[in-house]
1. For residues in the stretch B:82-106 being within 11 Å of DNA strand C (Cβ to nearest atom) and of a type in the set (S, T, N, Q), which is farthest from the other protein chains (Cβ to nearest Cβ)?
2. Considering only residues of the stretch B:142-152 that are surrounded by fewer than 18 Cβ atoms within 10 Å (Cβ to Cβ) and facing another protein chain (nearest Cβ under 7 Å), which is modelled with the highest pLDDT?
3. Can you find even one residue in the stretch B:118-127 that is more than 15 Å from the chain's Cα centre (by Cα), farther than 28 Å from B:Ser54 by Cβ and in contact (Cβ under 8 Å) with a residue 40 or more places away in the chain?
4. What number of residues in the stretch A:39-59 are in contact (Cβ under 8 Å) with a residue 24 or more places away in the chain, open to solvent by 10 Å² or more (accessible area, probe 1.4 Å) and hydrophobic (A, V, I, L, M, F, W, C)?
5. Mind checking which pairs have a first residue in the stretch B:22-38 that is within 12 Å of another protein chain (Cβ to nearest Cβ) and a second that is away from DNA strand C (no atom under 15 Å from the Cβ) and open to solvent by 60 Å² or more (accessible area, probe 1.4 Å), Cβ under 6 Å, 6 or more apart or different chains?
6. Which of the following residues is more than 16 Å from DNA strand D (Cβ to nearest atom) and open to solvent by less than 60 Å² (accessible area, probe 1.4 Å): B:Ala77, B:Ala109, B:Ala62?
7. Mind listing whichever residues of the stretch B:51-81 are outside any helix (DSSP H, G or I), away from DNA strand C (no atom under 12 Å from the Cβ) and out of contact with any Ser or Thr (no Cβ under 6 Å at 6 or more places or on another chain)?
There are 2 protein chains.
Amino acid sequence: MAVPADFDLESFLPYLLNQAAEATSKSFQASYKATYGMTRTQWRVLANLGKFGSMTARDICAISHIEKTKVSRAVSALEEDLLLSRAVSPQDRRAEILSLTDRGREVFADLGQKAIEYDLALRAQIGPEIAAQLDELLRSIIAESGTDGDED
Amino acid sequence: MAVPADFDLESFLPYLLNQAAEATSKSFQASYKATYGMTRTQWRVLANLGKFGSMTARDICAISHIEKTKVSRAVSALEEDLLLSRAVSPQDRRAEILSLTDRGREVFADLGQKAIEYDLALRAQIGPEIAAQLDELLRSIIAESGTDGDED
DNA sequence: CAGTAATAGTTGCACTCGCAACCAAGTCAA
DNA sequence: TTGACTTGGTTGCGAGTGCAACTATTACTG
C-alpha cells in the first residue's frame, strides 16, 4: 500500500467507458444534429415520448434519468420546432402532458429507424453474442453505481 | 423495413454506454472535485503527466484524444494551482514542455491511488473475469468507432 | 380550514465545451 | 532570403449544463 502502484488512465474503467460512450454517441449524433438540429437531450426526450406515448416531464426524468432542467429546456426546444405539444393535466394543474405532434412522430420514426440500424451495425462489429453480454454488464454497472448519471 | 420496429432507448448501446460512463465518472469525480477542485479534463491531464512524465500539450492530445483547447485550458488551470510548470522547448520554441511540480506529483499519487481502489471495487462488483472482457470490448468499440471521442 | 411541506416545472448564473479564427514559430522550396 | 504552408498553442463566442433559487399548485396535518 506504500507504493502507488503506477496508475494507468488507459485501463481505468470510467475512462474507457467514457471514450466508448463518446465515440458511439458522437457518431450517431450526426443523424439528429445534422438533419434536425437536435441536441442529444432533445433526441432522448423525443425517443422516450415516441416509445411511451404521452407523459409528463417528470415521467421522462424518472425513466431516462435526465436532469429536470435539461428536460425542461429540451421540451421547450422541441415545442418550438413543433415536434411536441403540451397540455395542462386535468388531474394536476402543475403538470403538463407532453405529446408528439404528427411531425414529431415522423421524426421519431426516421431517427428510430436510423438508431436501430446504427445499433445493429455496432453489435455486428463487436459480435452479437458478446453485445448481449455487454448490455447486461452496462446495466449492472448503471444499477450499482448510484442512481442518476445522465450527461449528453 | 416498412414498420419502424419500435425503437427502445433503453437498449440502445450508445445510451447504455453513456449511462454507465456517467455513473462511474460522476462517482469518482468526487475524489478530484471535492478535494482538489479539479475538472475531469484537469484530472486526465494530470494523470497523463503523472504516468508519462514531462511532455508537451500536443503529446497529451495525441495520447489521450482530448481536444487541444480543452488541454490548453486544463494546463492553465493546473499551472495556476501550482500542480505543473511549463518550460519552452529548446528544440521548438512554439512548444512548451509540461512537468508536474512536487505538489502535482503528490496529488497524482493520491488520486492515482484512489482511482486504483475505485477501479478495483468496480471490477469486483461486476466480476473480475468479466471486467477483463469488458475492457477488450470497450477498446474495440473505441478503436472501431472512428478516432477521437473525448468528452469529459 | 389554516399552515406547512412537498412537487412540477422554469429560470438566472457561473462554468465548461467545441469550433473557428488567430498568433507565433518552424519548415520547405524557389 | 523571401513567401507559402504547416504546426503548437491560445482565445472569442455561441451553446449546453448543473445547481440553487423561485413560482405555482397540490398534499398533509392538526
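The values are calculated or read from the model by the stated rules, or taken from the named source; none is laboratory data. Small disclaimer: the values here were computed from a predicted structure and weren't measured. Don't worry about glycine lacking a Cβ; one is built from the backbone with ideal geometry, like all the others, and counts go over all protein chains shown. Keep in mind that these areas ignore ligands, DNA and RNA; they rest on the heavy atoms of the full protein, side chains included. Shrake-Rupley method; radii C 1.70, N 1.55, O 1.52, S 1.80 Å.
1. B:Gln91
2. Only one residue fits best here, namely B:Glu144.
3. Looking through the stretch B:118-127, at least one residue is more than 15 Å from the chain's Cα centre (by Cα), farther than 28 Å from B:Ser54 by Cβ and in contact (Cβ under 8 Å) with a residue 40 or more places away in the chain.
4. 2
5. From residues that are within 12 Å of another protein chain (Cβ to nearest Cβ), the pairs are B:Ser31/B:Lys114.
6. B:Ala109
7. B:Gly53, B:Met55, B:Thr56
A quick yes/no check of all residues on (1) modelled with pLDDT under 95; (2) of a type in the set (A, V, I, L, M):
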site	(1), (2)
B:Ser89	no, no
B:Ala95	no, yes
B:Asp110	no, no
B:Ser140	yes, no
